[in-house]
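Here is the structure we will look at.
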């Protein structure tokens, strides 16, 4: 397909969701929640992130886009220190501050951090337990065991993840008995059950069919009012449809970061333009 | 040219053939053949086991038949009565030891003084011991007579077999020359039947003399506790006397011609409490002592090996650093490379001795069964078997833990779980069926292990005395595997003993089959639940 046809398609495909968005002025009032400054990150000897600086605003959806291996997932996993689980991974320079707390300081409680920064993974991964147990897992870890409280959280979380009506009669069946899209929404419900401030989503729809994807995207829209969402996606239409701000990464560097509309309509960088218009990636 | 009519590419099969098969088919046949060998071997082993073992029950039935016909059953009633009396004498002896100990240790008497004080007691127990004499003599005479009859019957059976073999070989004359003695069973049994009225008298006297001993002045006991034991002795003797009419009735109703039902040969094997072979009196093939021994040893082994193996697997797979993994894993796996005979040797030379010494420490005397009497016992063998089971359990449990998808752990961490919470709440439940089947396969390994139990279990063929509670584990036992290894070399092929060992082998085979079947079932469920 030539670049020309793509350029023609782009506005019609992307325009409606962007047009639906509230005035840009509205997003300006949101404060910075996550402040990444001059971050260098290594896997062993390989430098995976080069000098990343990025401010993510509160209660907005920020999308990380870029070709495979560009470091977007790595950066996402830095935000709740999931990279700690990899022995050879380390932050070499720079800081990540969430509400002015540097989360890489030695005195930071990683467990507390992860309660505040929830995560949804690329492949849905409910535990091999019942739907109910899946949702209450995080609370039980915190020592909550009162049935009434757990019931309440299960209902609230499942409603929050738009799954309640589908599963309310079979809460005690295995989470693995659900369909792929339902499983992913169950994972979202599980993440919001512990009431985090931030939800990280690592390509949450890449294993889902278009209908399930549409439901999850709808859900992201609804969640925005309560949570700050950072989403990594390969799917540019998805970034355009559901994010307020977009960061484009290439080869471990942040190339451009701006309002989603700007990135897709008037990118200032040639690489960004080439990527969003589908010329590479 | 004719070729020009053909299409440009060849579609005929032109591959080389060997015995009408193409190369691919040959290779397939080779692989299929290999797979078939496994199935065939298993089939052959099963058929062989059953073929060799199947004759046992018929032979066992005739074994019991001879026991009855020759009159051994009759005499055994009397022997049991005699043995019960011996047990009572032993009780008295035990009591004497206690009283003696009391005199020397509590009252500080010298050995001579203590013996002096016990003269009355000794007279009493001599009197008690003497009461059985008439019965003992009668039993002795009858035993001689019935053993003679039995020997003649067995010789005859042998000769019948010999004649049949000669006849089969074509030596008809030689076959006819084999003398088969006519046994007049009625005459042979005459002493037994004639003994019935005599027994009535002997029994009456026996009971009377026992009662007179009881009525005589009892030796004084130094403490209330010993007094209670002496009173208990009185009760036991009274119960013993109460049992006399039963013995008499058994003798009077004994019928040498009553047929032995077929099930008897089965139950005497499955529920038989005696495994007695090459005996002068009567051979018994009861699997129960061996089965109990095997189970006890396996139980000890599992109790030790499960926490060790599973715990080590959890540590290595979930918590250990790469360096630790590289040290621990080969070490545990190396244990399985130690030949079991070496382990057994270690058990005799080191472990058995160590357990005995440790059991003699005063501050451990609260442990049931301590101090241990026998150096080699179920506990020693079990501890060593645990060493054999640990590598199996460890390796398989670690595999099961390894197979828990990483995504489960990540999801748990992302929800704010600590490492331990994740292990306990997510990883272990997800791997549980794998761990259980690892334990079952470890059990299979333990039940089938031979060398260690043969060397270290003590090899006493008797059901341990469970009235001592958990201390029964410090008694020597014999096992199913051990007995086969020990006795197979010295039995007559085709004889009843030989076949009995094969039936024990079949029992083992079924136990192993069951364990493996369960392990596979559980693993299947596990695969499904992980999805």
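Remarks
- Note on B:103, A:234, A:172: ascending count of other Cβ atoms within 10 Å places them as A:172, A:234, B:103, the fewest first.
- Cβ-based exposure ranking for B:506, B:483, A:192, A:101, in which fewest neighbours within 10 Å come first: A:101, B:506, A:192, B:483
- Ranked B:396, A:176, criterion: other C-beta atoms within 10 Å, fewest first: A:176, B:396
- For chain B, the ratio of Cα radius of gyration to the globular rule of thumb 2.2 N^0.38 Å stands at 1.39.
- Pairwise FRET efficiency - residue B:460 versus residue B:105, Cβ, R0 = 25 Å, nearest 0.05: 0.20
- The separation of region B:236-286 from region B:172-209, counted between C-alpha centres, amounts to 18 Å.
- The share of C-alpha pairs in region B:299-405 whose separation exceeds 22 Å stands at 42 percent.
- Prolate/oblate/rounded label for region B:231-273 (Cα gyration tensor, a/c 1.5): oblate
- Per residue convex hull volume, Cα atoms of region B:168-240, in Å³: 204 Å³
- Under conditions of 25 °C and 0.890 mPa s, chain A yields 125 µm² s⁻¹ as its translational diffusion coefficient, taking Rh as the Kirkwood radius over Cα pairs in the Stokes-Einstein equation.
- Simple spin-label estimate for residue A:164 and residue B:333 in nanometres, 7 Å along Cα-Cβ: 5.3 nm
- Largest first, the extents of the alpha carbon coordinates of the protein assembly as shown on the three principal axes equal 124, 104, 51 Å.
- Label separation (residue B:18 vs residue B:262): 5.2 nm, computed from points 7 Å beyond Cα along the C-beta direction.
- Crossing angle, helix B:133-169 versus chain B [Cα axis fit, 0-90 degrees, rounded to tens]: 40 degrees
- Whole-angstrom gap from region B:302-376 to region A:147-191, using each part's C-alpha centre: 47 Å
- Spin-label model distance (nm) - residue B:510 vs residue A:155, 7 Å beyond Cα toward Cβ: 5.6 nm
- In this structure, residue B:130 and residue B:493 have a Cβ-Cβ separation that, at R0 = 56 Å, corresponds to a calculated FRET efficiency of about 0.70.
- Diffusion coefficient of region B:72-255 by Stokes-Einstein, Kirkwood radius over Cα pairs, 4 °C, 1.567 mPa s: 65 µm²/s.
- Here the extension length gained between residue B:86 and residue B:186 equals 32.8 nm, from 0.36 nm per residue of separation less the Cα-Cα distance.
- Taking the C-alpha atoms only, the angle from helix A:210-223 to the longest principal axis of chain A is near 80 degrees.
- Fully extending the segment from residue A:99 to residue A:68 would add 8.2 nm, taking 0.36 nm per residue of separation and subtracting the current Cα-Cα distance.
- Nearest-ten-degree value, helix A:131-141 long axis tilted from longest Cα axis of chain A: 90 degrees
- Seen from all directions on average, region A:24-135 presents a Cα convex hull projection of 9.2 nm².
- Cut-off 18 Å (backbone N to label point 7 Å along Cα→Cβ of residue A:147), residues of region A:187-218: none
- FRET efficiency, residue A:86 to residue B:518 (Cβ-Cβ, R0 35 Å, nearest 0.05): 0.35
Readers should treat all values here as calculations from the given coordinates under stated rules, not as data from a laboratory. Predicted model, so just to flag it, every value in this text is computed and none were measured. Heads up, the Cβs are rebuilt from the backbone with ideal geometry, glycines too, and the neighbour counts pull from every protein chain shown.
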